[in-house]
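Read the structure below first, then the notes.
The values are calculated or read from the model by the stated rules, or taken from the named source; none is laboratory data. Owing to the predicted nature of the structure, the values given are computational and were not obtained by experimental measurement. Glycine gets a Cβ as well: all are built from the backbone with ideal geometry, and neighbour counts include every protein chain shown.
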């Protein structure tokens, strides 16, 4: 497979060695682990430039709650790796794939998609508590996200919170609508998501304050969310989503429609060995 961006993949092939046995133990037990200084300042500057560009001229796969506003705006942009040289370079050369594979105990990591997330200052709406796995057309325990902070952020200013250990509950929760619409999830399979926010004391909640370059790696099965941005500066993060050895293609009603059966050679119930849509980055 040709690699469209950046340097040869060997440039980041040793990144997995940064993951210690302690990182692996915490990830296995908690479903989430923080890796400090996971990427350099050079990556941060480049991704922040992409964020500015996307806010000015949004791409195709965006969600924008308050277009054009400098406050109270949640903006996300996805699936940029094939068309944006910075995001493509990050996917193949930042080392996120190798770190994700090491934490998942997987020999390989394929990209599912990239996800730029921006919360402007004084954004009131939180990101609701949810699992990622029901939104995605995959099943498997070796599926995770690498959420890299591009700006400093505390939990009070909209960093991520997690229900520690919930990745091991063997529970599959029907997705929640992120914009408050009712009935949107009517066809989704799964149990109803518990109201974590209404009874926080009943759950083992852990949150992470982060500095630019810190990464949060977390299982697609863990329950997580974030508050609105009560701070006075923009929150920017770039999350890449990774498929490990046990991932299988599982399209189902209501899942992410951007890549469906018609777009991939992947076969339902089998490993998604589609180098075009889900490139193999760590092997």
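The table below lists the values:
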{"item": "Residue 54 farther than 22 Å from residue 244 by Cα, modelled with pLDDT of 95 or more and either surrounded by 13 or more Cβ atoms within 10 Å (Cβ to Cβ) or in contact with a helix residue (DSSP H, G or I) (Cβ under 9 Å, 6 or more places away or on another chain) (or both)", "result": "yes"}
{"item": "Boolean, residue 4 is closer than 21 Å to residue 281 by Cα, at pLDDT below 95 and not in a helix (DSSP H, G or I)", "result": "yes"}
{"item": "Filtered residues of the range 82-121 (kept if farther than 15 Å from residue 282 by Cα, touching a strand residue (DSSP E or B) at 6+ places or on another chain (Cβ under 6 Å) and part of a helix (DSSP H, G or I))", "result": "87"}
{"item": "Qualifying residues in the range 245-269 (those that are within 21 Å of residue 219 (Cα to Cα) and in contact with a strand residue (DSSP E or B) (Cβ under 6 Å, 6 or more places away or on another chain)) - the one surrounded by the most Cβ atoms within 10 Å (Cβ to Cβ)", "result": "247"}
{"item": "Selection status of residue 186, at pLDDT below 90 and either touching a helix residue (DSSP H, G or I) at 6+ places or on another chain (Cβ under 7 Å) or exposed (fewer than 14 other Cβ atoms within 10 Å of the Cβ) (or both)", "result": "yes"}
{"item": "Subset of the range 60-85 (residues that are closer than 23 Å to residue 42 by Cβ and surrounded by fewer than 19 Cβ atoms within 10 Å (Cβ to Cβ))", "result": "82, 83, 85"}
{"item": "Flag if residue 134 is surrounded by fewer than 22 Cβ atoms within 10 Å (Cβ to Cβ) and not in a strand (DSSP E or B)", "result": "no"}
{"item": "Pick from the range 142-158, criterion assigned to a loop (DSSP other than H, G, I, E, B) and over 17 Å from the mean Cα position of the chain (by Cα), ranking: surrounded by the fewest Cβ atoms within 10 Å (Cβ to Cβ)", "result": "154"}
{"item": "The range 217-234, subset over 15 Å from residue 131 (Cβ atoms) and surrounded by 24 or more Cβ atoms within 10 Å (Cβ to Cβ), residue nearest to the chain's Cα centre (by Cα)", "result": "217"}
{"item": "Of residues in the range 159-171 being part of a loop (DSSP other than H, G, I, E, B) and in contact with a strand residue (DSSP E or B) (Cβ under 7 Å, 6 or more places away or on another chain), the one surrounded by the fewest Cβ atoms within 10 Å (Cβ to Cβ)", "result": "171"}
{"item": "Failed item in (1) surrounded by fewer than 19 Cβ atoms within 10 Å (Cβ to Cβ); (2) out of contact with any helix residue (DSSP H, G or I) (no Cβ under 9 Å at 6 or more places or on another chain); (3) in contact (Cβ under 8 Å) with a residue 40 or more places away in the chain, with residue 192 passing the rest", "result": "(3)"}
